[in-house]
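Worksheet for the structure shown next.
None of the figures in this text is laboratory data; all of them are computed from the coordinates on show. All values derive from a computational prediction rather than experimental measurement. Glycine gets a Cβ as well: all are built from the backbone with ideal geometry, and neighbour counts include every protein chain shown.
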Amino acid sequence: MELAGCAHPGKPGGPVPPDVETLRVAGARRGLLAGCAVQVHHLRDDPAYAALVAQQAGIVVDESALKFGPLRPSPTEYFFDDADYLFEFAKKHKQKVRGHNFVWHQQIPSWFASYVTSANAERVLVEHIEHVGGRYAGRVHSWDVVNEAILLSDNLPGGFRKSGWQVVLPGKDAAVPAYIEIAFRTARRVDPKAMLVYNDYGIEADDAASVKKRAAVMALLRNMQSRGIPVDALGVQSHLTAGSRDAFGPEYAYGSGLRAMIAEARRMGLKVLLTEMDVNDRKLPADTAARDAAVAATYGGYLREALADEAVVALLTWGITDKYTWLSYDRKRDDKLPQRCLPFDSQMNAAPAFFAERDAIDGAGHRA
Ligand code: 9MR
């Protein structure tokens with residue numbers, strides 16, 4: 001496919017004409033990988049969606065295909081069809097691929113609870129990473145090795161989440177649970193070319209809960225580094241909610257805390273990836289134009305803050321079109337209207353958020 005140039009800035013509300021600069025091209029000019037999460041079954045069955053992903057994304061990640069549960073129908077079986085399809089699609093369209101994820105507390109197989117014990121957990125985890133990471137070694141831009149390991153309300157030392165892996169593989173070091181150390185060391189051994197990422201949410205805003213969670217995440221990264229555990233990047237999921245600080249409080253404000261966290265990661269020698277951006281509109285009134293404007297303002301404001309730091313080397317939205325967003329089934333609006341949270345609306349026309357995202361990329365400095 002011929003990539004769009006930057007001749008024509010375009011405008012919201014219609015399909016993107018071929019001469020309108022795409023997200024991937026805008027990103028590439030700044031040394032920033034811009035892309036999105038996809039769902040392989042829609043790439044297969046919805047050609048317009050597949051074309052939009054091919055056109056806009058320089059990097060892709062599947063919402064589910066590389067997670068433990070979807071990959072592992074039983075302790076001895078692997079299901080690679082969807083993940084293989086993703087890698088083929090990406091190769092055809094000259095896109096990079098992110099791996100999401102080796103370790104998470106959700107989407108683990110139904111057999112996990114009865115099969116995995118403290119006695120076999122390390123072997124199960126290592127074998128999984130060897131098998132999956134090994135299959136795609138050399139073809140993965142970055143792996144979310146561990147996803148969402150911090151949950152302060154679980155009240156464990158270090159703020160760790162009482163996940164299935166934490167329960168069977170806590171280890172003796174309260175600062176870095178054994179499963180995290182094992183996962184990162186194994187991932188590095190199996191795919192030395194992949195950037196290894198710790199990925200989390202709820203660390204973007206300026207309210208008290210986000211400030212505390214951010215501190216716990218940064219402490220984990222520092223403790224990993226001081227123990228020689230290989231970690232290359234912080235993944236900031238960036239599931240945001242539109243609204244104003246004045247109306248709703250500091251959990252709707254993205255600014256100084258975000259900048260400080262990214263700067264701290266940079267000083268630690270880490271890269272930063274914005275891995276799952278979308279903007280929940282459930283606090284906004286029904287009016288479409290007003291909603292779109294507020295969502296776009298959140299995209300623009302957040303990205304101007306985050307992209308100001310050259311440690312940020314990738315930006316992915318969690319989906320590309322409102323047609324398939326998780327927010328519409330998982331975070332329903334009170335009025336039941338579909339969420340308008342992504343750069344393209346449910347008709348796959350460019351929304352104001354597309355232009356806000358692209359303009360923020362255009363306005364960012366060049367990364368090395
Ligand atoms: O978008 C994903 C959705 O399709 C899955 O059903 C869901 C399962 O819990 O996971 C969603 O993706 C999540 C991601 O893996 C981790 N961060 C939060 C994302 C949204 O829930």
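Computed values, structure above
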item	result
Sorted by Cβ neighbour density within 10 Å, fewest at the top, the residues 163, 346	346, 163
Residue order, fewest to most surrounding Cβ atoms within 10 angstrom, among 153, 328	153, 328
Percent antiparallel among DSSP beta bridges (both partners in the chain, rounded to 5)	10
Cross-link table 94/283; 67/336; 172/212; 94/213; 162/193, entries beyond 26 Å C-alpha to C-alpha	94/283; 67/336; 94/213; 162/193
Cα-projected label distance for residue 362 with residue 209, points at 7 Å along beta-carbon direction, nm	3.7
Inter-probe distance in nm under a simple model that places probes 7 Å from Cα toward Cβ, at residue 259 and residue 123	5.3
Cα gyration tensor shape for the chain, rounded if a/c is under 1.5, else prolate or oblate	prolate
Paramagnetic label zone (point 7 Å from Cα along Cα-to-C-beta, residue 64; backbone N under 18 Å) in the range 321-355	321-332
Top of 314, 247, 65 by mean-square fluctuation, Gaussian network on the chain, Cα under 10 Å	247
GNM result for the chain, Cα springs below 10 Å: residue of 335, 82, 322 fluctuating most strongly	335
GNM top mover of 205, 54, 174 - the chain, alpha-carbon springs below 10 Å	174
Estimated dipole of the range 111-198 in Debye, rounded to 20 [Cβ of Lys and Arg +1, of Asp and Glu -1, Cα centre]	200
Aspartates and glutamates whose Cα lies under 18 Å from that of residue 92, excluding same-chain neighbours fewer than 8 positions away	2, 45, 46, 62, 81, 82, 84
Nonlocal amide H pairs with residue 312, under 5 Å, H built at 1.01 Å	272
Relative contact order (%) - the chain, alpha-carbon pairs under 8 angstrom, separation at least six	17
Sites matching trypsin sites (Lys or Arg not before Pro) across the range 115-152 that sit in DSSP coil, with at most 16 neighbouring C-beta atoms within 10 Å	139
Neighbour-count order for 277, 195, 348, fewest beta carbons within 10 angstrom listed first	348, 195, 277
Inter-label distance, nm, simple model (7 Å from Cα along the C-beta direction), residue 290/residue 77	5.2
Rounded to the nearest 20 debye, dipole of the chain from Cβ charges on Lys, Arg, Asp, Glu	840
